[in-house]
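The values are calculated or read from the model by the stated rules, or taken from the named source; none is laboratory data. Everything numeric in this text was worked out from a predicted model, so none of it was measured. Here Cβ is always computed from backbone atoms with ideal geometry, including for glycine, and neighbour counts include all displayed protein chains. For accessibility, only protein heavy atoms count, side chains too; no ligands or nucleic acids. Shrake-Rupley method; radii C 1.70, N 1.55, O 1.52, S 1.80 Å.
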Amino acid sequence: MKFTKMHGCGNDYVYVNCFTEKVNDPENLARKISDRHFGIGSDGLILILPPEHEGTDAFMQLYNADGCKGSMCGNGIRCVAKYVYDHGLIPKDRTRTRIDTPSGVKEIALDIREGKVINATVDMGIAKLDGEINEAINVNGHDLKFIGVDVGNDHAVYFVEDNPEIAGINSWPDSKFADEGKYFETHSRFPRRVNSEFIEIISREEINMRVYERGSGETWACGTGATASVFAGVISGKLDHNVLVHLRGGDLRIKVDDENRCFMTGPAIEVFEGDIA
């Protein structure tokens, strides 16, 4: 089976072009290829499938590193957009593409240089508050406050300034962050499990973010998480509507309009192609 390794800000996936390839057991394949010691190494598997609806160019299906299905991935969809353009699935005179996902159709504007997509801007849709602003929660003995956000998948945003019990979380060693992260992901408040973002505010237009993703653990970036975090900052009065988000793997630009429609801009990088048995 042929595959392509791609990443957006270090959030890396193995992509399979299912216009030409067939994947019979994607859950097991996701677990196999994601292993960074015995597999290709990734945060999961993304299948680029033929479109299901008229007016779209492809359908994106995500499987996290543990094999569970995901409904949306902001970094992943930028890479799908790059793939369909760079690999000739759409005409070269196009500067936009529409990709279907389990959470709906997303329109992506392409930044093309020398015949390749370098960056992309995704219309992430309208974000929604899930719960109350500064909802109280106890996670593994820590009394905390979070903002629940739905951007096609579920997020819990923790502003460090509101949570002194985890004030140093963005500097925790990877092992400690991984150990504690499972308690956030699997808390009973979130029956489908949840992506958790930990935000340090630099200014009203700039933040640092660390993320623990459902089904994958810590990743170096999360596009939906960055979107959810900026939206949470906007509705809580902490952030302006145009924010630069610093992640472990790079930067994303998030804009939230007056109707809470969110737009995410960031890079899409092809690393290598290969074959796997």
Computed from the beta carbon distance with a Förster radius of 51 Å, FRET efficiency for Glu165 and Thr20 to the nearest 0.05 stands at 0.50
Under 16 Å by backbone N from the virtual spin label 7 Å along Cα-to-Cβ at Lys2, the residues of the stretch 257-277 are 271-277
Measure of exposure for Ser175: accessible area at 1.4 Å probe, Å² rounded to 10, is 80
Surpassing 20 Å at the alpha-carbon level, of the pairs Lys145/Lys182; Lys82/Lys106; Lys69/Lys182; Lys106/Lys145, are Lys106/Lys145
With DSSP loop assignment and no more than 13 other C-beta atoms within 10 Å, the chymotrypsin sites (Phe, Trp or Tyr not before Pro) in the stretch 183-244 are none
Phi angles of the stretch 234-243, converted by Karplus (6.51 cos²θ - 1.76 cosθ + 1.60, θ = phi - 60°) into ³J(HN,Hα) in whole Hz with x for Gly and Pro, give 5, 6, 8, x, 8, 10, 7, 8, 9, 10
Here the relative contact order (percent) of the chain, from C-alpha pairs under 8 Å and at least 6 apart, is 20
Output for the stretch 1-109: trypsin sites (Lys or Arg not before Pro) sitting in coil per DSSP, at most 12 other Cβ within 10 Å, listed by number, reads Lys22, Arg36, Lys92, Arg94
Across Asp174, Asp86, Asp154, the residue with the highest GNM fluctuation in the chain (Cα network, 10 Å cutoff) is Asp174
Residues meeting the amide H criterion for Arg214 (H placed from the backbone, H to H distance under 5 Å, 5 or more places apart or on another chain) are Asn195, Ser196
Helix-only [θ] at 222 nm, the chain, -39500 (n - 2.57) per DSSP H run of 4+, per residue, nearest 500, equals -5000 deg cm²/dmol
Ranked output for segments 156-163, 134-141 by mean other Cβ atoms within 10 Å, highest leading, reads 156-163, 134-141
For the stretch 202-207, Karplus-derived ³J(HN,Hα) couplings (6.51, -1.76, 1.60; θ = phi - 60°; whole Hz; x for glycine and proline) come out as 8, 7, 5, 10, 7, 9
